[in-house]
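To keep things clear, I will list the structure first and then write my remarks on it.
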Amino acid sequence: MRFHGKTDLPFEPYFVVGAQRTGTTVLHALICTDDATNDFIAESNYYTELLTPFLSGWAQFESKTKEFFVDRQRYIDYHGHLMRAVLHDIWVQLGQPKKLVLKDPILSLHMHILAQLVPETKFVISIRDPRDVVASRVVVHRKAKPDVQVSDHDIARFCNDFNSSYMALTKMPGTFAGRALLVPYEGLARTGDLSSVEEFVGVTCRKDKVWQSELTDINTGKSEWQTEQYGKPLNADSIGNYSKTLTGPQVELVLRHCGFLMQA
């Protein structure tokens, strides 16, 4: 990828976000089956990390950043230009599609920042029963550390990660008005109905082409984070799996931590 310094966006930018283990990968893969989009590609964590210096400069604006930018609005404008320029270069790198569709669950934590820096961005947000989400995180934890028992502290941490991924959506609804679509994983997996996604993004999802990509080989780079669903057609096999993984007290802990967010 080369730096062109162009900040115009002659395309529609979409980001698939949501807490980890909520189905963002298959949702991204399905959207990327339309000819108007880029091919399915790995997570855009490089782009997400560009928000880190912005957040650092914002937190230290009065003491260390102000002299470079005079006021906060100029700082916002400057970093917005930077984010737009890199997004433009990603678009060029991926073949200049009509619709640029990227995905990164970690971006969920700061999607409200990107929404303000690059006002053209829209978000497809996957959400799932937090009990299944935490159970899936437990499976990952056990794969990475088979000799370490999962504690209540770990469960609470997984719940906090889940809640943090949607906090901006609940606290700043005006920022996402008309720019975000919430997609419940259970409904999508059970019915396969993608009509709301297709209408929002303006695409036609081809289930027969899901996971096909000239940019990403789904058979390489496997890790403990990949589920049994990776590379498979959309299905409802993993719904309710928490009952096989979590104990009764752990389920209650998840409901105490995440219940308020799901109601919101």
Practice task
Give the residues of region 243-264 that are open to solvent by 50 Å² or more (accessible area, probe 1.4 Å), in a helix (DSSP H, G or I) and touching a helix residue (DSSP H, G or I) at 6+ places or on another chain (Cβ under 6 Å), sorted by residue number.
Solution key: HIS257
Exercise for the section: Select the helices (runs of 4 or more DSSP H) contained entirely in region 1-110, then report the ones holding at least 1 residues which are surrounded by fewer than 21 Cβ atoms within 10 Å (Cβ to Cβ) and out of contact with any Asp or Glu (no Cβ under 6 Å at 6 or more places or on another chain). Expected result: 45-49, 51-59, 66-69, 72-93
Completion exercise
Scanning region 178-196 for residues that are open to solvent by less than 70 Å² (accessible area, probe 1.4 Å) and charged (D, E, K, R) gives ARG179, GLU186
Fill in the blank from the handout: Taking region 53-108 and keeping residues β-branched (Val, Ile, Thr) and modelled with pLDDT of 95 or more leaves THR65, ILE76, VAL86, ILE90, VAL92, VAL101, ILE106
Exercise for the section: Kindly establish whether TRP225 is more than 22 Å from ALA115 (Cα to Cα), in contact with a helix residue (DSSP H, G or I) (Cβ under 7 Å, 6 or more places away or on another chain) and open to solvent by 30 Å² or more (accessible area, probe 1.4 Å). Expected result: yes
Handout entry: Selection status of VAL254, touching a residue at least 40 places away in the same chain (Cβ under 8 Å) and over 20 Å from the mean Cα position of the chain (by Cα)
Key = yes
Fill in the blank from the handout: In region 140-157, anything more than 14 Å from VAL254 (Cβ to Cβ), open to solvent by 100 Å² or more (accessible area, probe 1.4 Å) and in a helix (DSSP H, G or I) is listed as ARG142, LYS143
Practice task
Please state which of the following conditions LEU169 fails to meet, knowing it meets all the rest: (1) in a helix (DSSP H, G or I); (2) surrounded by fewer than 19 Cβ atoms within 10 Å (Cβ to Cβ); (3) without any contact (Cβ under 8 Å) to a residue 60 or more places away in the chain.
Solution key: (2)
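The values are calculated or read from the model by the stated rules, or taken from the named source; none is laboratory data. All of these numbers come straight from a predicted model, not from anything done at the bench. So basically every Cβ, Gly included, is an ideal-geometry build from the backbone, and we count neighbours across all protein chains shown. All accessible areas refer to the heavy atoms of the entire protein, side chains included, with ligands and DNA or RNA removed. Shrake-Rupley method; radii C 1.70, N 1.55, O 1.52, S 1.80 Å.
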